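Worksheet for the structure shown next.
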Amino acid sequence: MSTGGEMAWGRCFDYAINHNAAAIAMHKYNHPYTHHFTEDIMRVKIDKFLTWGQKVSFVWASPDCTSHSNAKGSKPIERGLRILPMGVWKQCKLILKATGKVPEVIMMENVKEIQKWGPLDKNNKPIKAKEGEYYNKFIRLMKAFGYEFECRVLVAADYGAHTTRERWYGQFRSDGRPIVWPEQTHSKYGTNGMKPWESISQDIDFTDLGNSIFTRKRPLKDKTLSRIAAGIKKFVIDDPNRFILPDKLAAPFLIQYHSETVKGEVRGQSLKEPIQTIDTSNRYALVTCFLSKFYKTGTGQSVNDPIHTITTSPGHFALVSAFLIKYYSGDIGQSLNEPIHTIVTKDRFGLVLVVIDGVTYQIIDIWFRMLKPEELKLGQGFPKDYVIEFKMPNGRYYPKTMQVEKIGNSVVPLMAEKLCYTACPYLKVGERTPNMRIDDSQAQLRFA
């Protein structure tokens, strides 16, 4: 959220605390003027850096949410992580003791399920009858410091972000000023004078569409192929408002690597929508259907012929049809154990046709790749200059898995910007200074 604060006020935060050394490393690279603590929030002694009478204007706290989130599923909950919001109360006590005053404004962010925070049973599962018991106790303890409190559950896309990430935000205020919230500017369909939600398509690198699913050295797993097939049916064949790349005559969409919860559910989305919640592992893939005008005379090729590139051949339209029969058409009765080529040789497939503006096209190939960390970064709302790949002190580059993890753990910068500025516009001192990029790959250093 520090980037959002800089976007709001043009100044960096004085202190940043996180128990994760890798998270601190990325934060330190992008916010070098902040004093960093690689510490547990329950143990850090921030009061040692404060003096009596000193004013702490603003604190942002995002305690670990994994043991409150519905995404945890049926897994046992870690009791230690559940109490981390109490670290905010503990730091308030330390700041009060060191300065004589509590922080003027505290902004908290978490999953909306934090409001159900309560006791666990002997199997580390929430006790339904006691939901919200600890949450309400925490709010009472904070109010005992003299805070006024309000909270809201906000969707980032409603404020112009490229993601529909939904989070609980709580404001504690002790300086007598009113609690203020940012005005909603967007809605899903752009009704009531609002702008429509922003599209994730603006963050996708369409110069790289991946490779054909039919020529991969390591075939995709059946679950992935099933999701691709369901996505093609929903977002390409059946959607009259499908997303099209005219210059490539291609129809891309996203699929998700999350378990389906309802039979027939399609885990994916159109590129005309904001991306859904980005979590700590890369669960999004770009799927692209290449199209060609359909002529009744046909332009097919034998599956026994060599595979050509998409630009020099009719593509793989026979394989596409067989693929959709195998992985989507439940009434066809094909076995998932049969390879696609086997189904093709049975001559039981039909052409997969798509009608666009009255013109009939056939799907001739399907390409696939995972989204890149840089795309996820932009989808989460970080500025282009925010650095997620850099050389660490050990000489190695920050791993891509950790890049994705830190993006998934982050606060949407646009939400932080709007919340920080709306709450404390008087803290603004200028505009955010973009990170300077230094290219040392050549004999002469280059700066950007």
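The values are calculated or read from the model by the stated rules, or taken from the named source; none is laboratory data. As the structure is a computational prediction, the values presented were derived from the model and not from experiment. Counting neighbours? That spans all protein chains shown, and the Cβs are built from the backbone with ideal geometry, glycine included.
Checking each residue in the stretch 391-431 for being surrounded by fewer than 19 Cβ atoms within 10 Å (Cβ to Cβ), of a type outside the set (A, V, I, L, M, F, W, C) and either assigned to a loop (DSSP other than H, G, I, E, B) or on the phi > 0 side of the Ramachandran plot (or both) picks out P393, N394, G395, R396, P399, K428, G430, E431.
One residue stands out in the stretch 253-293 among those that are buried (at least 18 other Cβ atoms within 10 Å of the Cβ) and aromatic (F, W, Y): the one that is modelled with the lowest pLDDT, namely F290.
Is it fair to say T299 is modelled with pLDDT of 90 or more and either surrounded by fewer than 14 Cβ atoms within 10 Å (Cβ to Cβ) or not aliphatic (A, V, I, L, M) (or both)?
Taking the combined requirement at face value, the residue does not satisfy it.
Considered as a group, the residues in the stretch 47-66 that are surrounded by fewer than 19 Cβ atoms within 10 Å (Cβ to Cβ) and of a type in the set (V, I, T) include one that is modelled with the lowest pLDDT, and that residue is T66. Pairs meeting the criteria (first residue in the stretch 109-125 and assigned by TED's automatic domain parsing to the domain that holds S410, second residue among the charged types (D, E, K, R), beta carbons under 6 Å, at least 6 apart or on different chains) are E109/R167; K116/E131; G118/K130; G118/E131; G118/E133; P119/K130. Within the stretch 134-153, is there a residue that is under 22 Å from the mean Cα position of the chain (by Cα), under 30 Å from V102 (Cβ atoms) and part of a strand (DSSP E or B)? Yes, the stretch 134-153 contains a residue that is under 22 Å from the mean Cα position of the chain (by Cα), under 30 Å from V102 (Cβ atoms) and part of a strand (DSSP E or B). Evaluation of K217 against the conditions (1) in a loop (DSSP other than H, G, I, E, B); (2) charged (D, E, K, R); (3) modelled with pLDDT of 95 or more shows that the sole unmet condition is (3). Inspect the stretch 183-198 for any residue being within 23 Å of R283 (Cβ to Cβ), assigned to a loop (DSSP other than H, G, I, E, B) and in contact with a Lys or Arg (Cβ under 7 Å, 6 or more places away or on another chain) and give the result as yes or no. Looking for residues that are within 23 Å of R283 (Cβ to Cβ), assigned to a loop (DSSP other than H, G, I, E, B) and in contact with a Lys or Arg (Cβ under 7 Å, 6 or more places away or on another chain), one finds at least one in the stretch 183-198, hence yes. Each residue in the stretch 161-186 was checked for being of a type outside the set (D, E) and closer than 20 Å to K112 by Cα, and 16 pass. Does the stretch 338-359 contain at least one residue that is among the charged types (D, E, K, R), exposed (fewer than 14 other Cβ atoms within 10 Å of the Cβ) and at pLDDT 95 or above? Checked against the condition, which is being among the charged types (D, E, K, R), exposed (fewer than 14 other Cβ atoms within 10 Å of the Cβ) and at pLDDT 95 or above, the stretch 338-359 yields no hits at all.
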